[in-house]
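The values are calculated or read from the model by the stated rules, or taken from the named source; none is laboratory data. For clarity, every value in this text was computed on a predicted model and none was experimentally measured. Positions of Cβ are generated from backbone atoms using ideal geometry, with glycine treated the same way; all protein chains shown enter the neighbour counts.
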Amino acid sequence: MSFSKLGLSDPIIKAVKDLGYSKPTPIQRESIPAVLLGKNILGTSQTGTGKTASFVLPLLEKLSKVTKRGKKQITRGKRIRALILTPTRELAVQIEESVAQYSKYLDLSSMALYGGVDVEPQKERLIEGVDILVATPGRLLDLVHQRAIYFDEVEMLVLDEADRMLDMGFIDDISKIIERLPFDRQNLLFSATINADVRSLADSFSGDGFSGVG
Ligand code: AMP
């Protein structure tokens, strides 16, 4: 089984090959085709299994698709097309680095957004719009309140390490973010454990239900 069999296009396969990946991991084999089909995913893979690429690669594939008129979709100022929520600054930085590596042959922009640093450069960067934003919930909500970012063009939401975000007390922030997102979007939720809280979070934002992977 190779990456090309999963429905990914050449620029993404080339980027993955550059990193020395020869074949997809089990979670990638399951998740990538399902995400490309537009399904909502509830994944239970742990870190170290190739989980990040299992949602980033199909997300890039979908966002890089040209529009019906044959042009790349332009992201407007202060807008984003995909939102990846993570519990910590370290994870936000690490995931954004993966996004940058996997998208190096694509015309897509990405940014990591987190608290504990000056907010002004982050606001500046958002002015032009960013295709893929990897963010921690608190700082993101701050910027929403400051009208530095709008969610009306969000097509895909990823909640990574959902159980950890709930343990860290982010439930209110996450709920406030989710209620501002367009209803018509794809949801990918990853969690090391699926407990009652994670299940109720998932149920709260997807009327269509989820396909389990991992
Ligand atoms: P993750 O589970 O997303 O934290 O990934 C763990 C590590 O596996 C990272 O260093 C990735 O670069 C690497 N990795 C992800 N997918 C593959 C693959 N298909 N083949 C080899 N290494 C991979």
Residue count, the range 88-107 (criterion: crowded, with 22+ Cβ neighbours inside 10 Å and in a loop (DSSP other than H, G, I, E, B)): 1
Consider LEU63 against the criteria (1) assigned to a helix (DSSP H, G or I); (2) in contact with an Asp or Glu (Cβ under 8 Å, 6 or more places away or on another chain); (3) within 16 Å of the ligand (Cβ to nearest atom): it satisfies all of them except one. Which criterion is unmet? (3)
For the range 121-145, which residues satisfy the criterion of being farther than 24 Å from LEU63 by Cα and without any contact (Cβ under 8 Å) to a residue 24 or more places away in the chain? PRO121, HIS145
When you go through LYS5, LYS14 one by one, which is the residue that is out of contact with any Pro (no Cβ under 9 Å at 6 or more places or on another chain), more than 28 Å from ILE194 (Cα to Cα) and surrounded by 12 or more Cβ atoms within 10 Å (Cβ to Cβ)? LYS14
For SER45, indicate whether it is within 23 Å of ILE27 (Cβ to Cβ), hydroxyl-bearing (Ser, Thr, Tyr) and crowded, with 23+ Cβ neighbours inside 10 Å. no
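Report yes if THR75 is crowded, with 18+ Cβ neighbours inside 10 Å, touching a residue at least 40 places away in the same chain (Cβ under 8 Å) and within 16 Å of the ligand (Cβ to nearest atom), otherwise no. Even if it seems obvious, please write down each step before you answer.
On the way: crowded, with 18+ Cβ neighbours inside 10 Å: yes; touching a residue at least 40 places away in the same chain (Cβ under 8 Å): yes; within 16 Å of the ligand (Cβ to nearest atom): no.
The answer is no for THR75.
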Return the only residue of LEU157, LEU188 being under 20 Å from GLN94 (Cβ atoms), touching a residue at least 12 places away in the same chain (Cβ under 8 Å) and touching a Ser or Thr at 6+ places or on another chain (Cβ under 9 Å). LEU188
If you scan the range 78-87, which residues turn out to be outside any loop (DSSP other than H, G, I, E, B) and either modelled with pLDDT under 95 or within 13 Å of the chain's Cα centre (by Cα) (or both)? ILE80, ARG81, ALA82, LEU83, ILE84, LEU85
Quick count over the range 25-49, residues being near the ligand (Cβ under 9 Å from one of its atoms) and under 15 Å from LEU189 (Cα atoms), is 5
Could you say which residue among PRO58, PRO33 is farther than 19 Å from VAL99 by Cβ, at pLDDT 95 or above, part of a helix (DSSP H, G or I) and touching a helix residue (DSSP H, G or I) at 6+ places or on another chain (Cβ under 7 Å)? PRO33
Please find, among LEU140, LEU133, the residue that is in a strand (DSSP E or B) and either within 22 Å of LEU91 (Cα to Cα) or out of contact with any Leu (no Cβ under 8 Å at 6 or more places or on another chain) (or both). LEU133
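Going by the structure shown, is ARG81 more than 26 Å from LEU166 (Cα to Cα) and either away from the ligand (no atom under 16 Å from the Cβ) or touching a strand residue (DSSP E or B) at 6+ places or on another chain (Cβ under 9 Å) (or both)? Spell out how you get there, then give the answer.
Values: more than 26 Å from LEU166 (Cα to Cα): no; either away from the ligand (no atom under 16 Å from the Cβ) or touching a strand residue (DSSP E or B) at 6+ places or on another chain (Cβ under 9 Å) (or both): yes.
It is false that ARG81 is more than 26 Å from LEU166 (Cα to Cα) and either away from the ligand (no atom under 16 Å from the Cβ) or touching a strand residue (DSSP E or B) at 6+ places or on another chain (Cβ under 9 Å) (or both).
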